[in-house]
Amino acid sequence: MQSLDRAFSLLEIMAEAGGETSLSQLAESSGLPLPTIHRIIRTLVGNGYVRQLPSRRYALGPRLIGLGDKASQMLGTWARPHLAQLVEDLGETANLAMLDGDKVIYVAQVPSPHAMRMFTEVGRRVLPHSAGVGKALLSQLSDEEALATVRRTGMPAATDRTITEPERFVTELHRVRDQGFAIDDGEQEIGVRCVAVPVAGAPSGMAVSVSGPEARVSWEFVERAAPIVQHCATMLATDLNNQS
């Protein structure tokens with residue numbers, strides 16, 4: 001059991017380091033002796049969960065992809081009742097999203113009953129700076145970590161409302177933290193407004209949102225919706241932690 005615990009700890013350290021690290025970095029972060037780390041890593045490499053690079057550094061391996069896909073499917077199953085309640089309460093499409101590397105991936109959705117509604121394909125990846133869920137997710141990081149993320153991805157303008165300056169984006173993240181929710185005001189798609197909330201306390205970073213056309217998602221709607229989406233995020237975090 002101790003070896004299993006150590007193996008998961010090393011995988012998490014590698015993930016936090018961006019998916020790639022050296023044995024010395026693993027030793028520094030974990031406090032484990034190098035021979036122990038080498039033995040565990042050799043086992044993980046043999047099973048495809050870690051791969052050795054030509055530089056002799058180590059990276060997360062391809063077998064983790066299948067596990068991640070199954071975990072995302074299960075996450076969607078657990079989240080769907082909470083998203084369905086959001087749709088019932090607010091009448092607009094509800095989404096669950098997570099960070100996947102430096103991008104945002106949508107992992108679950110319950111559509112609005114309206115004929116004209118927002119539809120984002122589950123599995124779609126978007127840049128975080130222009131999406132409400134992206135702002136909510138990055139608000140859970142420090143300013144430095146969030147800026148490093150958007151500098152790696154770039155900040156192209158999806159619409160004429162997209163925030164494209166790092167300084168303005170940091171100001172926006174401060175606003176998200178202060179008010180407890182993020183807004184995408186036509187920044188990813190013209191005519192679409194979104195209210196997003198980070199799922200604080202969940203086992204991993206995620207955000208929930210409702211989105212719809214500006215004609216229905218008015219600023220009055222935003223004011224009414226924000227506490228409802230926040231409540232959904234709190235209940236989802238509790239549910240996920242109970243599952244864990």
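Results, tabulated for the structure shown:
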read-out: Meets criteria (within 25 Å of Arg125 (Cβ to Cβ), out of contact with any Gly (no Cβ under 8 Å at 6 or more places or on another chain), modelled with pLDDT of 95 or more and not β-branched (Val, Ile, Thr)) for Leu173; value: yes
read-out: Whichever residue in segment 115-166 is in contact (Cβ under 8 Å) with a residue 40 or more places away in the chain and among the basic types (Lys, Arg) and, among such residues, is nearest to Glu187 (Cα to Cα); value: Lys135
read-out: Matching option when the condition is surrounded by 15 or more Cβ atoms within 10 Å (Cβ to Cβ), of a type outside the set (Gly, Ala, Ser) and within 19 Å of Ala108 (Cα to Cα), among Val150, Val126, Val170; value: Val126
read-out: The lone exception for Ser218 - which of (1) under 20 Å from the mean Cα position of the chain (by Cα); (2) among the polar types (S, T, N, Q); (3) surrounded by fewer than 15 Cβ atoms within 10 Å (Cβ to Cβ) it fails; value: (1)
read-out: Output for segment 18-38, where each listed residue is open to solvent by less than 60 Å² (accessible area, probe 1.4 Å) and at negative phi; value: Thr21, Ser22, Leu23, Leu26, Ala27, Ser30, Leu32, Thr36, Ile37
read-out: Pairs with Cβ under 8 Å, 6+ apart, first in segment 34-46 and within 11 Å of Ser3 (Cα to Cα) and free of Cβ contacts under 8 Å to residues at least 40 places away in the same chain, second of a type in the set (Gly, Ala, Ser) and part of a helix (DSSP H, G or I); value: Ile37/Ala27; Ile37/Ser30; Ile40/Ser3; Ile40/Ala7; Thr43/Ala7
read-out: Residue in segment 113-121 that is under 30 Å from Val50 (Cβ atoms), modelled with pLDDT under 95 and either surrounded by 16 or more Cβ atoms within 10 Å (Cβ to Cβ) or under 14 Å from the mean Cα position of the chain (by Cα) (or both) present; value: no
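Matching residues to (1) over 17 Å from Leu83 (Cα atoms); (2) of a type outside the set (Val, Ile, Thr); (3) free of Cβ contacts under 8 Å to residues at least 40 places away in the same chain:
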site: Gln179; (1), (2), (3): yes, yes, no
site: Val192; (1), (2), (3): yes, no, no
site: Val197; (1), (2), (3): no, no, no
site: Ala202; (1), (2), (3): no, yes, yes
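The values are calculated or read from the model by the stated rules, or taken from the named source; none is laboratory data. What you see is a predicted model; the values in this text were computed from it and never measured. For neighbour counting, all protein chains shown are included, and Cβ atoms are generated from backbone atoms with ideal geometry for every residue, glycine included. Just so you know, the surface numbers come from the protein's heavy atoms only, side chains and all, with ligands and any DNA or RNA stripped out. Shrake-Rupley method; radii C 1.70, N 1.55, O 1.52, S 1.80 Å.
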